[in-house]
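What follows is a set of notes on a single structure, which appears directly below.
Bear in mind that the values in this text are calculations on the coordinates, not laboratory data. Not measured: the values here are computed from a predicted model. Cβ sites come from the backbone with ideal geometry, for glycine too, and all protein chains shown count toward neighbours.
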Amino acid sequence: MGRKALDRERKQLSKKAEAWVKELFYKVQYEKLDALTLDDLAALIQKSKSTIYTYFKTKEELYATMVGMVLKDLEEVVFEELPADADLVLLYESILLKISDSVEGISIYFLEEIQTNFPQIWNQIRKTTNQILSTFSMIYTKGMQTGVFAKFNVTLLLAMDNTFIMNIMTDHRHFKEENLSLKDIVHQYLKLRINALTT
């Protein structure tokens with residue numbers, strides 16, 4: 001009887017369920033994800049385990065949904081081709097600011113836990129990151145071709161962007177002693193990058 005209950009089709013997330021999934025997401029940023037049980041996860045948001053089972057069969061499904069919410073926001077900054085006559089500087093700036101909004105509250109520790117213990121979820125993160133970097137590559141290439149940007153090695157620029165997104169943006173607490181918020185860090189990175197590209 002219990003097994004049938006566990007095997008039933010899961011409900012689609014309601015708005016309320018999305019809210020507690022998001023709440024849980026921020027509460028597990030410094031937890032050992034693989035060690036947590038569904039009971040532990042339920043306790044973190046003061047829900048019953050049956051509430052979680054209504055929507056998820058496993059904690060991996062729950063983690064995948066958490067990460068999927070962030071990645072969905074980031075899909076808005078991925079372009080198959082650049083908009084015609086786009087202001088490349090403004091486009092680059094808007095993409096970085098959107099990324100900073102999306103990754104706010106995510107820790108490097110959480111990313112490392114996902115990478116180590118949940119490779120399928122990590123592959124989704126890498127896929128989206130690579131799509132964003134591909135968009136940046138188009139911006140840099142077009143900017144250099146049209147004379148908007150100075151000539152630089154695009155592979156080097158992308159490696160720096162990857163480090164900024166995956167390490168600095170997700171470890172911005174490191175800069176709290178200097179009273180720098182994530183937005184401050186993004187603005188300073190933008191200033192450095194745009195000054196270099198347009199000088």
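Dipole orientation for the stretch 75-198: of the candidates Met138, His172, Leu90, Met138 has the Cα lying most toward the positive pole (charges on Cβ; Lys, Arg +1; Asp, Glu -1). Expressed as an acute angle from 0 to 90° and rounded to the nearest 10, what is the orientation of the C-alpha long axis of helix 15-27 relative to the principal long axis of the chain? Helix 15-27 and the main axis of the chain meet at about 70 degrees. Restriction of the chymotrypsin sites (Phe, Trp or Tyr not before Pro) in the stretch 12-107 to DSSP coil positions whose beta-carbon has at most 15 other beta-carbons within 10 angstrom yields Tyr30.
Extension gain for the segment Asn179 to Lys49, taken as residue separation times 0.36 nm less the Cα-Cα distance, is 42.9 nm to one decimal. Extension gain for Arg126-Glu23 works out to 34.7 nm (0.36 nm per residue, less the C-alpha to C-alpha distance). For a quick check, take a GNM of the chain with Cα springs below 10 Å and name the residue from Asn179, Asn162, Asn123 with the largest mean-square fluctuation. Comparing Asn179, Asn162, Asn123 in a Gaussian network model of the chain, the most mobile one is Asn179.
Largest GNM mean-square fluctuation among Leu88, Leu41, Leu156, using the chain with Cα springs under 10 Å: Leu156.
If exposed GluC sites (Glu not before Pro) are those in a DSSP loop with at most 10 other Cβ within 10 Å, what is the longest stretch of the chain that has none?
My reading of the result: 82-199 is the longest stretch.
Helix 154-163 axis versus longest C-alpha principal axis of the chain: approximately 40°, rounded to the nearest ten. Based on DSSP loop calls and a cut-off of at most 15 other Cβ atoms within 10 Å, the longest stretch of the chain free of exposed trypsin sites (Lys or Arg not before Pro) is what? That would be 58-150.
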